[in-house]
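The next block holds one structure in the form of structure tokens; read it before the comments.
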Amino acid sequence: MRRRPTIEDIISSLLIDEGFYEISRNNGSMEVDSQLILSDGKVEIAVNILSEDSCNSRSMVHETLIETLKLQNKYDGVILAVPRRYSKIIDESVLVKYGVGLIIYDMMGAEEIIPPRLNNNRKEKVEDTRKNTQNTPINEIALLRSEVSRITRILEEMEARLDRLEREQRILASRISELEKTKPSIIGEERISQVVKSKASTYSSEEALPSYLRDNPWVDILSKRA
Amino acid sequence: MSEEYKRSHVFGIDYGTSDFKYGPITIGEVPEVTENRGYFTEKNSIMSRVMGVSRDIVVGKELPLFLESREDVAERLVYPMRNGIVERNDAKAWQVTKELTRYALENFAPSDPDFRGFYVVASLAVVAPRYMYEQLFDIFGELNTERMLVRAATIIPQPLAVAIAHKIPTCVVVESGHGNTQVCPISMYPIRNAVLALNRGGSAANILTSEILKDTGYGDLAKEEKLVRRVKEQIGLLPRRLEEAIDFARRNPDKVKREIRIEGTRIKIDLGDESWTRFLIGEYVFNPGHEIFQSYFKRGMPRPSDVKIGDTYFYGMTDMAEAIIQAVEKCSIELQPHLYSKIILSGGNFNWNTPRGLEGVAVTSDEKIRIMLKEKGIENIQATVAREPTYSVWRGCIVYGYAVPYDFKWRWERMEGWLNYA
């Protein structure tokens with residue numbers, strides 16, 4: 001069965017589309033709800049994800065912001081991911097000022113609102129990386145990894161489709177076998193009912209029967225009970 | 001044993017709460033009817049000595065001869081069923097049931113040496129629990145000790161018998177008796193999961209009639225249950241729409257006014273200016289939740305309550321159309337339109353007429369159900385009031401016994417077939 005994509009999957013796929021690949025995923029770490037570390041082979045970025053529950057707590061929001069800022073020392077870029085419903089609780093100008101990127105997400109997808117400020121001119125580096133992918137083995141690996149991620153996603157979709165088809169095929173097969181089973185017995189029941197009917201006519205003529213028995217469809221239905 | 005023997009020896013028994021109906025296929029259109037009750041005799045009593053009765057219980061048509069004017073008659077006279085159910089541990093009730101069954105079978109058992117027992121089709125309320133089936137099968141077996149009375153037996157639910165007697169294979173049977181109402185969708189066989197029961201029947205309308213009599217100055221008569229029932233039957237009206245009917249009655253008091261006389265007495269009843277209350281009686285059967293009845297409840301009239309009897313919940317205040325909808329909606333969606341298109345209303349509680357001059361204001365039960373269901377958004381409804389409801393269950397039993405092959409064995413998981421005693 002295909003599993004439902006998690007919030008991490010949704011955010012990760014946005015950055016994978018930009019040429020990044022996932023290095024690690026940390027669900028429910030000490031300070032934040034979950035954290036993604038991605039790389040494009042040249043730079044590493046960290047994404048701290050605020051869950052909907054955490055957005056109800058001001059202290060959790062503040063704590064996550066501080067933790068995200070702290071990560072700037074460790075990674076080339078940092079991004080804060082916030083649920084779409086709670087995007088208003090974040091002042092975008094403050095994030096721009098401190099170079100923190102912003103992604104908003106919901107179950108339908110994720111959107112990059114503010115790109116993170118890279119410590120070493122991330123954008124240029126990314127461009128350089130893209131230009132030089134064929135020249136450097138690291139870039140090659142990065143590209144391959146991102147390609148693998150894309151193919152994996154396609155495979156998952158195919159797998160889900162296959163599951164669905166197999167399920168439908170099983171239902172159809174069981175229906176056919178049920179029909180095949182009942183067909184001979186239907187023929188048998190018809191024969192029995194004919195016998196019963198012929199006996200009824202020998203027992204008594206239709207006119208002699210009480211009114212509630214005459215032309216009663218139940219006689220036919222019940223005489224097929226077996 | 002052959003199919004032919006079975007068909008000529010089918011015996012139907014309808015275990016109704018108040019009446020016990022029985023008879024073989026050869027009896028024709030109408031079964032024998034006796035009250036579902038038994039009297040535990042005192043062997044020293046004069047009547048017992050005179051009649052030479054050695055039995056502990058007397059049942060059937062001769063029972064009234066044994067009733068004595070004693071204070072303990074209430075204890076001795078046992079009505080075994082309540083709402084169609086005999087309590088599991090009520091030994092006296094089961095004794096009465098056994099004696100009635102014996103009485104019915106012995107009355108018709110031929111002395112013919114070729115007689116090898118009846119094929120008995122018994123009918124119980126659809127809400128009857130499994131232990132009732134088990135006990136009844138045991139009784140049939142026990143009756144064979146002296147003489148083979150029951151060759152094979154089966155038990156079917158009463159609504160199924162009604163559907164069979166009315167020759168309709170897919171329908172909803174609404175069976176409303178004295179104490180309760182059962183709504184049972186049927187598609188070739190009862191859809192047991194969809195059955196719904198109401199703790200409301202003709203007796204509820206009797207209670208309201210009694211209150212109306214009190215309010216109109218006939219408080220002394222309101223205590224007589226049988227009289228109240230007769231008054232209900234003669235003055236009760238079923239309104240198309242209650243508000244419109246009351247409005248009509250207030251504008252045309254002469255059209256609604258009616259004086260009734262109680263036969264054999266000097267009693268006359270006339271509701272006078274309160275004749276509009278005639279419409280309340282019918283409405284109460286179908287929709288006790290109407291706000292107009294609140295004033296009666298506030299003054300102490302008992303509200304039909306939800307009760308659990310056996311394994312079944314009987315709802316008190318659910319209106320009749322809602323009960324039908326709830327039952328039908330438990331069935332498959334594909335089946336639902338077919339069920340709404342054949343609704344059989346069975347039982348004395350659906351016996352409402354439209355007097356001349358009140359056409360369009362007072363309606364019959366089938367029309368009322370159609371209107372109520374339509375108001376709830378159900379279209380293409382066809383409701384019919386059962387003909388001769390007293391006998392339809394027994395007739396259904398006879399058809400069932402006649403048609404089901406003699407070699408179709410009883411299966412508990414399906415609750416159908418013949419349990420063979422031979």
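The values are calculated or read from the model by the stated rules, or taken from the named source; none is laboratory data. Nothing here was measured: the structure is a model prediction, and the numbers come from that model. Counting neighbours? That spans all protein chains shown, and the Cβs are built from the backbone with ideal geometry, glycine included. Just so you know, the surface numbers come from the protein's heavy atoms only, side chains and all, with ligands and any DNA or RNA stripped out. Shrake-Rupley method; radii C 1.70, N 1.55, O 1.52, S 1.80 Å.
Which listed residue (B:TYR296, B:PHE286, B:THR265) has the Cα farthest towards the positive end of the charge dipole for the stretch B:202-303, taking +1 on Lys and Arg C-beta and -1 on Asp and Glu C-beta about the Cα centre? Towards the positive end, the residue furthest out is B:THR265. Taking the DSSP bridge list for chain B and keeping only pairs wholly inside it, about 60 percent are antiparallel. Applied to the stretch B:375-386, the Karplus parametrisation 6.51 cos²θ - 1.76 cosθ + 1.60 on θ = phi - 60° returns per-residue 3J(HN,Hα) values of 4, 9, x, 9, 10, 6, 9, 10, 10, 9, 8, 4 Hz, with x for Gly and Pro. The three principal axes of the Cα atoms in the protein assembly as shown give end-to-end lengths of 120, 68, 50 Å, sorted in falling order. If a/c stays under 1.5 just call it rounded; otherwise compare a/b with b/c (prolate if a/b is bigger, oblate if not). Do that for chain B, with a ≥ b ≥ c from the square roots of the Cα gyration tensor eigenvalues. Here chain B falls in the oblate category. Candidate cross-link partners of A:LYS42 among the aspartates and glutamates, defined by an alpha-carbon separation under 14 Å and a same-chain spacing of 8 or more, comprise A:GLU18, A:GLU22, A:ASP76, A:GLU124, A:GLU127, A:ASP128, A:GLU140. Kindly identify the stretch B:202-303 as rounded, prolate or oblate by the Cα gyration tensor criterion: order the square roots of the eigenvalues as a ≥ b ≥ c, call it rounded if a/c is under 1.5, otherwise compare a/b with b/c, prolate if a/b is larger, else oblate. Oblate. The ellipsoid equivalent to the alpha-carbon distribution of the stretch B:236-283 has semi-axes of 22, 12, 6 angstrom, derived from the gyration tensor eigenvalues as √(5λ) and listed largest first.
With a 1.4 Å probe and every protein chain kept in, tell me what percent of the accessible surface of chain B is carbon plus sulfur. The value for chain B is 45 percent carbon and sulfur by accessible area. For the stretch A:24-83, trypsin sites (Lys or Arg not before Pro) meeting the loop criterion (DSSP other than H, G, I, E, B) and having at most 14 other Cβ atoms within 10 Å: A:LYS74.
Peptides B:260-272, A:75-87, B:78-90 ranked from most to least packed, by the mean per-residue count of other Cβ atoms within 10 Å: A:75-87, B:78-90, B:260-272.
In this assembly, the B-A interface accounts for approximately 2300 Å² of buried accessible surface in total, computed with a 1.4 Å probe and without ligands, DNA or RNA. Taking a sphere under 11 Å around the Cβ of A:ARG145 and counting the other residues whose Cβ falls inside, with K and R at +1 and D and E at -1, yields a net charge of -3.
Taking all protein chains as shown and a probe of 1.4 angstrom, B:ASP254 keeps an accessible surface of around 130 Å².
Other residues within the sphere of radius under 12 Å centred on the Cβ of B:ASP215, judged by their own Cβ, net out at -1 (K and R +1, D and E -1).
Look at the dipole of the stretch A:28-120 built from charges on Cβ: of A:GLY99, A:ALA46, A:SER57, the Cα furthest out on the positive end belongs to A:GLY99. Look at the stretch B:396-404: the mean tally of other chain Cβ atoms within 10 Å of its residues' Cβ atoms is 6. Accessible surface comparison of A:ASP106, B:ASP220, probe 1.4 Å, protein chains only, largest first: the order is B:ASP220, A:ASP106.
Largest accessible area first, the residues B:MET415, B:MET132, A:MET108 order themselves as A:MET108, B:MET415, B:MET132 under a 1.4 Å probe with ligands, DNA and RNA left out.
Figure note: A:LEU143, B:LEU160 ranked by solvent-accessible area, largest first, 1.4 Å probe, ligands and nucleic acids not counted: A:LEU143, B:LEU160. A simple charge model with +1 on the Cβ of Lys and Arg, -1 on the Cβ of Asp and Glu and nothing else charged puts the dipole of the stretch A:7-118 at about 380 debye relative to its Cα centre.
Once the other residues with Cβ under 12 Å from the Cβ of B:ILE139 are scored (Lys, Arg +1; Asp, Glu -1), what is the net sum? Its environment carries a net charge of -2. Accessible surface calculations at 1.4 Å, restricted to protein heavy atoms, place the protein assembly as shown at 51 Å² per residue. When the square roots of the Cα gyration tensor eigenvalues are ordered a ≥ b ≥ c, the ratio a/c for the stretch A:7-118 is under 1.5, which makes its shape rounded. DSSP bridge analysis restricted to the protein assembly as shown gives an antiparallel fraction near 60%, rounded to the nearest 5.
For the stretch A:211-224, putting each phi into the Karplus relation 6.51 cos²θ - 1.76 cosθ + 1.60 with θ = phi - 60° gives couplings of 4, 6, 9, 6, 6, 9, x, 5, 4, 5, 4, 6, 5, 8 Hz, in residue order, rounded to whole numbers and with x for Gly and Pro.
Placing +1 on the Cβ of every Lys and Arg and -1 on the Cβ of every Asp and Glu, with nothing else charged, gives the protein assembly as shown a dipole about its Cα centre of roughly 1020 debye.
Using amide H atoms built 1.01 Å from N in the peptide plane, name the residues 5+ places from A:ALA81, or on other chains, whose amide H lies under 5 Å from its own. Hits under the 5 Å cutoff: A:ASN48, A:ILE49, A:LEU50, A:ILE103.
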